[in-house]
Structures are given as structure tokens and as C-alpha cells.
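The values are calculated or read from the model by the stated rules, or taken from the named source; none is laboratory data. A quick note: this is a predicted structure, and the numbers were derived from the prediction, not measured. Every residue, glycine as well, gets a Cβ built from its backbone with ideal geometry; the counts of neighbours run over all protein chains shown. We work out accessible area using only protein heavy atoms, side chains counted, and drop any ligands, DNA or RNA first. Shrake-Rupley method; radii C 1.70, N 1.55, O 1.52, S 1.80 Å.
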Amino acid sequence: MSIWEYANPKKFMETSGWVLPWVIGLTALTLIPGLVWGYFFTPQAENFGATVKIIYIHVPAAMIAINAWLMMLVASMIWLVRRHHVSALAAKAAAPIGMTMTLIALITGAVWGQPMWGTWWAWDPRLTSFLVLFLFYLGYMALWEAIDNPDTAADLTAVLCIVGSVFALLSRYAVNFWNQGLHQAASLSVDKEEHVADVFYKPLVLCIVGFILLFVTLVLLRTRTEVRARRLKALEARERMA
Amino acid sequence: MIALLFRDMRLAVRAGGGFGLGLAFFLIVTVLIPFGVGPQSEILGRIAPGVLWVAALLACLLSLDRIFALDYEDGSLDLLATAPLPLEGVVAMKALAHWLTTGLPLTLVAPGLGLLLNMPEDAYFWLVVTLLLGTPALSYIGTFGAALTVGLKRGGLLLSLLVLPLYMPTLIFGAEALRRGADGMANTTPLFMLAGITLFTIALLPFVAAAAVRINLR
Amino acid sequence: MRRAMELKVTDLACARGGVPILEGLSFSLASGEALLLRGPNGIGKTTLLRTLAGLQPALAGRMSVPAESLAYGAHADGLKAALTVRENLMFWARVYGTRDISQALADFNLEDLVDRQAHSLSAGQKRRLGLARLLVTGRPVWALDEPTVSLDTDSVALFGKAVRAHCKAGGLALMATHIDLGFTARELDLTPFKALPESTGGYVRSGFDGDEDFT
């Protein structure tokens, strides 16, 4: 029994169908208490006011935004090396989730930044990097949509994901370099994690776990949908041939 | 391989090859800028280096879809893929031809357009140097993007969407090296980074692009 | 005379757009032979030729095409409209490392057109130029997809002559065509090798082919 057996679509559907309700339950059990705890039962920080509570969405969303791309990278490589269709479809399924999380991180960041820094947007390295990441997600998804043949699409998007990762890292470094070179604006970016006191920290951890589980749930759901869509296509092709 | 290089360059220069289009586009964008930001020469001079870099980048983008699309439509790409040339070499030569007919001419006319924007004197040297170092990367990255979208009917817009994020590091380091050089600051770090990206793309992307072309021909 | 060689295909299966269309196909072709592929539209003649040319992978089976021996002639001629006849042909000659294009020009009656740009040629003239390309490749195995499209009877005769000369010199020719070329050649009907919908033909099952109910 090897882990690769789950890469067979049939086996994957069986297993994921069994696992899914449990993951959904666990997501609800962590995310809802985490958010409620964070929102209603934490004190207001002296210099942040009530705005600090957005941290419970902002930070987990940002973490998922980056890690979703990492997951896509790994899934893409598995597809290229071992040709497991489920892997390619999982990468495809994760992209819109990652993009949404990036968008959530950007928007909540703007909403938070307005009262804190007096501006909705600044070309701070962190903010800029997330914007760049958002563009990478857009391109990746657009390529999936544009190609008819599913195997060709899987191959090309996997290649794009790998090359894109290299350039995303380069961009991250470049953006850091670019801004510090211009306005020494590092003071704008508040290092969140380090400044978070214990009272805020515990619900935050719960929220992060909740978001991770939410991500897993959504990826499983979407991958199952993709597998079914592919199966439908295969059946249609068979009908046509018969 | 050399035959391919000459063929692609000849095709670009011949009627319908679109050789002048990139240059004309570069000129027009540069002319539009003062209309947008106002005629004050002080402001124009300050933004000139960045504007010229962005305009050159967009002008490069304009002709990318021609790299493979025409050869794909008339069947040459199939024939090239079955020819004794390694496809990686074909891709590298096509990217080189693109640079020689796009990036290099853009670099050469850029100082003239700098005059239009009242660019400060110290910037001219660095403008040419950074464009010379950076535009090959634009051609090679663009060739990779073109390879991804070979088989698509209207891949032009998608190509821009795929390639522009990949252009970002090149643009950042190129414009930064230029800006620092023009201000008389040390700019070896961004300059080396720019040269590094260019060498890296020339060395590796033809392999990836050739793989993408093969997938698309399948 | 070229040294003798053989093209051998054993139990081959190929797919178009991910759907298996041919399977269990076996044939062989030796020096001096020409083989005409027959079968209705969509049976997979183009797919077979592209597979042999290495443009797409086979699903299953073996094919032994001697390395660096195959010249592929597709539906499209791969001509550049902005280049002259000579430039078009010279380019391929240089790619294949053969320098002489005069014989190819003569065989396809293109000598009067050498300095015309390809966009000013008629469809039949373009096709002749496309076929002349085969001669400059200097390769022994020709895999041709509908080589006589838009040729008039005289040109078809020219082409037939070229194929005969090629085979006589020890070359091999594999052609998908419906037209009588004026010489007798072996024929291979692909219809019996059509892949059955249920069959897998050695095709690695992806698990998507609907062998499970939809729940």
C-alpha cells in the first residue's frame, strides 16, 4: 500500500468522500470558535483600537495565499514526474482558492491600513509582493481556462507554475530591494506576529488552524468536482466514439 | 541554426513582418506621456528613465506572439520540430532573432526619446547600458510565454497576462540600476542582478520553452 | 543506392486529443517500397504520420524508425510568404545540411519561379514548392500527408515520378492519399485498426473513463 494509490481518481474519490465530512466538521469546530473568540472576547489593543480584530482574518488568509501556491507547485511537479491526474486537478482546484485568499489578505490589509497608516495602499514590499502574487494566480488560472485538451493544459500550467515560482521569488527579492532603495519605508510595515501579545495570540493560532482546514476542505471539494467534470468529458468522448 | 536566425530576421524586416511596429509604439507611448502628466520639463525629466523602461518593455511585448504563431499557422513549426535541429536551439535562435529585431533597436533609439522627455544628462549612458543588459531577458522570457500559448487562436492577450508578471524583476532591477546611475549613486548590485537575470533566462528558459512547444505540438 | 533500411511498426496505438483512435496497428516497409494509407476521414492517417514523425507520443506499441531518417510533409507547406522560392528552399537545405537545391527545383518544375515571393504563387505552385522541400532534406523516409492536394494532373505526374525515383534510389515513402498516383504501390487500409470505445489498447487507464457510477 503506497501513498500513490490515492492518486488514482477512483481511489481518490472513495477516500476523499469518506474524509470530507470529518474535515468539514473540524473546520467548523476550529474556525467558528476561533473567530468568535478573537472578535468578541479579546480586549482592544491600546494603540490599535478595535481594528486589531481584523488580524484574525488577515493573517491566516495571507498564510494560505502563499502556501496554496506552494501546494500547487508540489502538485504540479508530481504531475510532471508521475503523471497522476488527480495531482494536476488538485493544483487546478487550489488556484482560485489561493487567489481569493490573496484578495482577502489585500482587502483586509487595506481596510486595516486606512485607520492605522492613514492610507488604503502603500507600495510597501509586503503589499506589493501580494499584488504580484495575485497577478501570478490570474495568469495561471487564465492558462488553464484557455486550453481545451486537459492533459496539455495540465502540462503547460505545471510548467508555468514552476517557472512562475522562480520568478515570484525573484520578484519578492526585487521588490524588497526596490522599495528600501527608494523611501526607507520599512516603518510602514508593522511586523504583526512579533507584536501580538498572548491574549491575541491564542485565538489567532486557532484561526490559522481553522483556515488551513478550510483550505483543505475547499481543495478536496473542488478537486472532486474537477474529477467528476473530467469523468463526464471522458464519458462524452466515449459516447461520441461508440 | 544560423540559417534559422537569418530567416527569422529577414522575415521580421520584410513587408508584413512588423519590424517597425515596436519602434513606432515606443515612440508613441513616449509622446503620450507628456500629454498625460503635463509639459513641465522638471517632472518629465524625473520620470523619464522609468517611463522609457516601461515603454520599451511594452514595445517588446507587442511582437512576442509572432515568434511562434506564424510558424505554427503555416506548418513550419511542425517541420522545424522534425528537422535535425534541436528544438531548444530553434527556440533560442528565435528568441535571439526577436531581440535583434526588437530589443536592440529599442535600445538604440531610447536616448533619442530621452531627449523628448528632457532626461537628465547623466542618465543617457545608464539608459543604454541597462536596456542593453535587460532587453535580452525580455525576449527570452517572452519566448517562453509565446511557447506556452502557441496553439491558442487568440493567445495575444493571455500572453501579456502570463508574461508581464514574469517581467517584473527585470523591470525593477533595470529601472533601479538606471535611476541610481543617473543620480550618481552606486548601482552595481541592481546592475549585477539585471545581468544575472538575463544570463539565467538565456541559459535555462530555452529548455523550458522547447518543452512547452513540444507539448503544444503533440 | 542508399543502404537498405526498414521501417517497422508493431502493435501501435495512437490517440487524437486524448482519445485513442488507432490500435493494434502493425506494418513494415523496406527500402524501395511505397505504402499508401487509406481509410475514411478521421480514421487517424494524420495522427499516425505525426506519431511516426515523433511529434506526438504513441499510446502503446513499438515503432522503429531509423534515427534522423524521416522527412515529414504535413497538410501545410511551411512556406514563408515574404520569402522567395529560392530563399524558402535554401533555408530547408541549410537546416538539413544539404546545399544543392537545383535538382529539387528542376524535378518540380519550379525553375522559372525561383525569384518569385511565395505569396504570389498559386496553391498548386506552393504545394510543389512544399514537395520540393522533401528532396532537399535528403532523408530516406518520406511521411506525407495528402501530398497531392491542389496539384493538377501534370504536377501529380511530376510527384509520382519523384516518388518513384526516391524509391528506386532505396528510399521509403509512406503516404496518406486518396488519389491514384499512376504507379502501383502497396495499400494499407486503417479501418480495421480503429480503436474500439471499450478497449484500452495498452493505454494506461487514467480512471476517468467512467468505470464507476456517478455519486
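Peptide packing for B:27-34, C:96-103 was compared via the average number of neighbouring C-beta atoms within 10 Å per residue; ordered from the highest value, the list is B:27-34, C:96-103. When only Cα pairs below 8 angstrom with a gap of at least 6 residues are kept, region A:12-241 shows a relative contact order of 35 percent. What the Cβ-Cβ distance of C:Ala4 and A:Ile24 gives, at R0 = 60 Å and to the nearest 0.05, is a FRET efficiency of 0.30. With the charge dipole of chain B set up from +1 on Lys and Arg Cβ and -1 on Asp and Glu Cβ about the Cα centre, the Cα lying farthest toward the positive end among the listed residues B:Val213, B:Ala55, B:Ala203 is that of B:Val213. Reported to the nearest whole Å, the Cα centre-to-centre distance from region B:1-60 to region A:77-91 is 41. Shielding of B:166-176 by partners, i.e. mean partner chain Cβ atoms within 10 Å per residue? For peptide B:166-176, the averaged partner shielding equals 6. Helix C:153-168 and the long axis of chain C differ in direction by around 80°, with both axes built from C-alpha atoms.
Only protein heavy atoms count here, probed at 1.4 Å, and on that basis chains B and A bury about 2500 Å² of accessible area in total.
Take the protein assembly as shown with all the other protein chains still there, run a 1.4 Å probe, and you get 44 Å² of accessible area per residue. Between chain C and chain A, roughly 1600 Å² of accessible surface gets buried, counting both sides and using a 1.4 Å probe. Each stretch of four or more DSSP H residues adds -39500 (n - 2.57); spread over every residue of chain C, this sum gives -8000 deg cm²/dmol at 222 nm. Averaged over the residues of peptide C:70-83, the number of Cβ atoms from other protein chains lying within 10 Å of each residue's Cβ is 5.
With a Förster radius of 22 Å applied to the beta-carbon distance between B:Val37 and B:Leu100, the computed FRET efficiency rounds to 0.10.
Heavy atoms of chains B and C lose about 2100 Å² of accessible surface on contact, summed over both sides with a 1.4 Å probe.
The share of accessible area on chain C that comes from carbon and sulfur is 52 percent, using a 1.4 angstrom probe. Between A:Tyr39 and A:Leu232, the distance separating the two model label sites (each 7 Å from Cα on the Cα→Cβ line) works out to 3.4 nm. The heavy atoms of B:Arg214 offer some 110 square angstrom of accessible surface to a 1.4 angstrom probe. Sorting the segments B:1-7, B:135-141, B:64-70, C:173-179 by their mean number of nearby beta carbons within 10 angstrom, highest to lowest, gives B:135-141, B:64-70, C:173-179, B:1-7. Distance from the alpha carbon centroid of region B:61-111 to that of region C:87-149 works out to 23 angstrom. Would you please classify the overall shape of chain B from the alpha carbon gyration tensor, given that a ≥ b ≥ c denote the square roots of the eigenvalues, rounded means a/c under 1.5, and beyond that prolate means a/b larger than b/c while oblate covers the rest? Prolate, because a/c is 1.5 or more and a/b exceeds b/c. What does the C-alpha gyration tensor say about the overall shape of the protein assembly as shown? Classify as rounded when a/c is under 1.5, otherwise prolate if a/b is larger than b/c, or oblate. It is oblate, given that a/c is not under 1.5 and a/b is not larger than b/c. Residue-normalised convex hull volume from the C-alpha trace of chain C: 137 Å³ per residue. Within the accessible surface of region A:53-158, defined with a 1.4 Å probe on protein heavy atoms only, the carbon and sulfur portion equals 72 percent. Taking a ≥ b ≥ c as the square roots of the eigenvalues of the Cα gyration tensor, region A:12-241 is classed as oblate, since a/c reaches at least 1.5 and a/b does not exceed b/c.
Of the trypsin sites (Lys or Arg not before Pro) in region B:67-168, the ones in a loop by DSSP (not H, G, I, E or B) with at most 14 other beta carbons within 10 Å are B:Lys153, B:Arg154. Enter the Cα centre distance for the pair region A:132-152 and region A:215-229, rounded to the nearest angstrom. Here the two parts' Cα centres lie 17 Å apart. In this rough spin-label picture, where each label sits 7 Å from Cα along the Cβ direction, the C:Asn41-C:Arg99 distance is 4.7 nm.
What is the percent carbon and sulfur in the accessible area of chain B, measuring with a 1.4 Å probe over the protein chains and ignoring ligands? Within chain B, the accessible surface is 70 percent carbon and sulfur.
Tell me which lysines have Cα within less than 25 Å of C:Lys126's Cα, excluding those fewer than 8 residues away on the same chain? The qualifying lysines are B:Lys94, B:Lys153, C:Lys45, C:Lys80, C:Lys161. Counts of other chain beta carbons within 10 angstrom of each beta carbon in peptide B:2-14 average 3. Using the rule -39500 (n - 2.57) for each DSSP H run of four or more residues, divided by the residues of chain B, the 222 nm mean residue ellipticity is -27000 deg cm²/dmol. Highest average first, the peptides C:41-53, C:136-148 ordered by how many other beta carbon atoms sit within 10 Å of their residues are C:136-148, C:41-53.
Quick one: helix C:123-137 against the long Cα principal axis of chain C, what's the angle to the nearest 10°, folded into 0 to 90? It works out to around 80 degrees.
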